[in-house]
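What follows is a set of notes on a single structure, which appears directly below.
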Amino acid sequence: MSVDRKTQGSTRQSILQLLRRYGQMTALELSEDLQIGAVGVRQHLALLERDSLVKVIGLRRGVGRPSHLYALTPEAERHFPKRYDKLALDVIGYVERTGGEDAVKAMFNARRERLLDALAPQLEGKSRQEKVVELTRILAEQGYMCEYEQLDDGSFVLTEHNCPIDCVARQHPQLCVQELALYEKLLGVSIVRDATIVDGGLCCRYHIPA
């Protein structure tokens, strides 16, 4: 059973790769490239459509019945290798070599201010709890696997189980400092952070007063 699921997953990944390479294809074209039956390909396409990874973008007309043309959705991007981490580290390294540590600090400060300008309106006018709820939602959408808990004394514990910028933060811990400063600005209160992923913890954990 597990082997069968692995094979099916491999087939769907192959479909994604073919659509990435050629832009748009019919089920018959995919069938010919993969050397499997068209019925099976359509079943895989149906599952990929269900998962919002593939969409029908039109019809290809020729001899016989028109055929649906399939293409990737923006959500499919996460299934392809990315090296944003190396690019980010290269850019930061260049800034550090040419402008020194102060230039790196200024760049991170500018990033924090940009994020503050973008996020602050979403929290404006809300209670402390509403702000924590909204910040948790925003961070979860950004890949932080974030959740919060309200304690008996009314305070909050915000936990990030993933750090999407971990590879950069490990080499430039200023990012962690900026993150804490950003959260304090957004919530309007001093926050205590007692665990971080970059220091070997299983999560980044923040204690927020009531």
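Count, please, the residues in the stretch 74-97 that happen to be part of a helix (DSSP H, G or I) and touching a residue at least 60 places away in the same chain (Cβ under 8 Å).
Summing the residues that are part of a helix (DSSP H, G or I) and touching a residue at least 60 places away in the same chain (Cβ under 8 Å) in the stretch 74-97 gives 6.
Whether any residue in the stretch 184-196 is under 25 Å from E96 (Cα atoms), surrounded by fewer than 13 Cβ atoms within 10 Å (Cβ to Cβ) and modelled with pLDDT under 95 is what I want to check. Taking every residue of the stretch 184-196 in turn, none turns out to be under 25 Å from E96 (Cα atoms), surrounded by fewer than 13 Cβ atoms within 10 Å (Cβ to Cβ) and modelled with pLDDT under 95.
Checking the structure you have, find out if any residue of the stretch 50-71 is out of contact with any strand residue (DSSP E or B) (no Cβ under 7 Å at 6 or more places or on another chain), exposed (fewer than 13 other Cβ atoms within 10 Å of the Cβ), at pLDDT 90 or above and assigned to a helix (DSSP H, G or I). The answer is yes, given that some residue of the stretch 50-71 is out of contact with any strand residue (DSSP E or B) (no Cβ under 7 Å at 6 or more places or on another chain), exposed (fewer than 13 other Cβ atoms within 10 Å of the Cβ), at pLDDT 90 or above and assigned to a helix (DSSP H, G or I). For the stretch 15-35, the count of residues that are over 21 Å from the mean Cα position of the chain (by Cα), surrounded by 13 or more Cβ atoms within 10 Å (Cβ to Cβ) and at pLDDT below 90 is zero.
Considering the stretch 122-171, the residues that are modelled with pLDDT of 95 or more and of a type in the set (K, R) include one that is nearest to the chain's Cα centre (by Cα), namely R137.
Just a yes or no: is a residue in the stretch 80-88 under 30 Å from E141 (Cβ atoms), surrounded by 13 or more Cβ atoms within 10 Å (Cβ to Cβ) and at pLDDT 95 or above? Within the stretch 80-88, none of the residues are under 30 Å from E141 (Cβ atoms), surrounded by 13 or more Cβ atoms within 10 Å (Cβ to Cβ) and at pLDDT 95 or above.
The values are calculated or read from the model by the stated rules, or taken from the named source; none is laboratory data. These numbers come from a predicted model, not from an experiment. Backbone-built Cβ (ideal geometry, glycine too); neighbour counts: all protein chains shown.
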